[in-house]
Amino acid sequence: MIVFVIGSGAREHAICRLINKSKLCEFLYCIPGNYGINKIAKCINLNSSEEIINYCKKNKPDLVIIGPEKYLAEGLADDLRKQKIPVFGPSKLAAQLESSKDYMKNFCKKYNISTAYSETFDNFDDSIEFINSRPGKIVVKYDGLAAGKGVFVCENSEEAKHACKKIFIDKVFSGDNKIIIEEYIEGKELSYFVLIDDESYQTFGSAQDYKRIGEGDTGPNTGGMGTISPAPILDNLLEKKIIEDIVIKSVDGIQKELLEFKGVLFLGIMVDELTNEPKLLEYNTRFGDPEIQSISMRLDSDFLSTAHSVATNNLAYSDVKFNSTRKSICLILATRGYPEEYPRDTVINNLEDINQSEDLFIFHAATYQEEGIVKTNGGRVLSIVATGNNYQYCRNKVYEVAERINWKEKYFRPDIGLLL
Ligand code: AMP
Ligand code: GLY
């Protein structure tokens, strides 16, 4: 098969690694890819839906896998399917489950899916009135895509009002100014993945994401500083509840609404500390980054075969197998300063000296090479992933590699996978 993977992050590097391992793969292209991906796929530097569609029309891939939500929200999957190209990636309509919080909330109401109580507002004054009526911790969420920056978990009404001001008065996000204000839920979070086509679904692993920049979950939110898979809090009882209360109802809703969902649904779940019930915080309509980096290293079955079956509505016949005893940890190496200001074009000296194997892999997100030197061009730069029979083994391994990497500006959290 000729396979195109769209995207340029560590998530796409993880997807490319799985595709490259498959015996079914003849040619693998990544659009645009990055320096790390370039070692296992041919990278093509295209950066818009239009360019990608034209390239696909000419080269007729057997499968296109779309990584980033931006392209899904633009309807790239629909446009490619119109050209009769099999696509792993939901339609524009289905991508609204992620791209609009208001759409997601209405969907949950309609299909009785357990989620935090919320109300939607399109102006500053009504938002303030609502906040005044509900003192204490509260969450303000911008309605549209905001690269992980649209959620404000507020300690009190003052902070919540400040968030509303940023959105409605300062207009820090582009697009329609709509927000949802949501009850705060105290609990433990996990990320849960489900493959879906028009006729069936299969679960695809879980992970715990460390979202804050600092040790002990302190400091600002980031795109994710590490993950462990499977999520340690996920026992059989909780998984049964998640499937019954969230997965089956979501898949049922997607089919009833005719959303044309051929891809992966990522459930951001909070397990309520008071009731022990799972509540849905968000849907994403793509793989999580850095969740897929750790989950993918535990997969024992052929991902290309499964992804193709999703794209062609044959998921029911696909055999998805994870190694149930194997654990995995992903540690992110970021440029010091992230998620605020940080330097670019910093130099990583000895990446090529580190041996990679079936048990240890370094995925790249923001690297490039210039005159033989590896340099950085982003915040989250490398994902070091180790797998093994227990979390402690994985932890020792990823931290040993993190220490060895000779990069002056590196930063990583010291507590990924600790206290299990
Ligand atoms: P989201 O992008 O909706 O997943 O939100 C980003 C992060 O904010 C989540 O991963 C949670 O840590 C936190 N968060 C979002 N909604 C809530 C809520 N209702 N209660 C508590 N924390 C929340
Ligand atoms: N790790 C969270 C995300 O990919 O949105």
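Every number here is computed from the coordinates shown, using simple stated rules; none is lab data. Since the model is a prediction, treat every value here as computed from it, not as a measurement. Glycine also receives a Cβ, built like all others from the backbone with ideal geometry; neighbour counts cover every protein chain displayed.
Selection within region 1-38: residues that are of a type in the set (A, V, I, L, M) and touching a Ser or Thr at 6+ places or on another chain (Cβ under 7 Å). The member of this set that is nearest to ligand 1 (Cβ to nearest atom) is Ala10. Any residue at all in region 319-327 that is assigned to a strand (DSSP E or B), within 16 Å of ligand 2 (Cβ to nearest atom) and touching a residue at least 60 places away in the same chain (Cβ under 8 Å)? No - not one qualifying residue is present in region 319-327. The residue list Glu186, Glu215 contains one member that is farther than 25 Å from Ala10 by Cβ, touching an Asp or Glu at 6+ places or on another chain (Cβ under 7 Å) and not β-branched (Val, Ile, Thr), which is Glu186. Within region 311-327, identify whether any single residue is within 21 Å of the chain's Cα centre (by Cα), over 30 Å from Leu258 (Cα atoms) and crowded, with 20+ Cβ neighbours inside 10 Å, and answer yes or no. So far as region 311-327 goes, yes, one or more of its residues are within 21 Å of the chain's Cα centre (by Cα), over 30 Å from Leu258 (Cα atoms) and crowded, with 20+ Cβ neighbours inside 10 Å. Quick check: anything in region 73-83 within 16 Å of ligand 1 (Cβ to nearest atom) and surrounded by fewer than 20 Cβ atoms within 10 Å (Cβ to Cβ)? Among the residues of region 73-83, at least one is within 16 Å of ligand 1 (Cβ to nearest atom) and surrounded by fewer than 20 Cβ atoms within 10 Å (Cβ to Cβ), which makes the answer yes.
From the list Leu274, Leu267, Leu259, the one residue that fits, being under 20 Å from Ile113 (Cβ atoms), among the aliphatic types (A, V, I, L, M), in contact with a helix residue (DSSP H, G or I) (Cβ under 8 Å, 6 or more places away or on another chain) and in a loop (DSSP other than H, G, I, E, B), is Leu259.
Between Lys262, Lys249, the distinction of being within 26 Å of Ile6 (Cβ to Cβ), of a type outside the set (S, T, N, Q) and crowded, with 17+ Cβ neighbours inside 10 Å belongs to Lys262 only.
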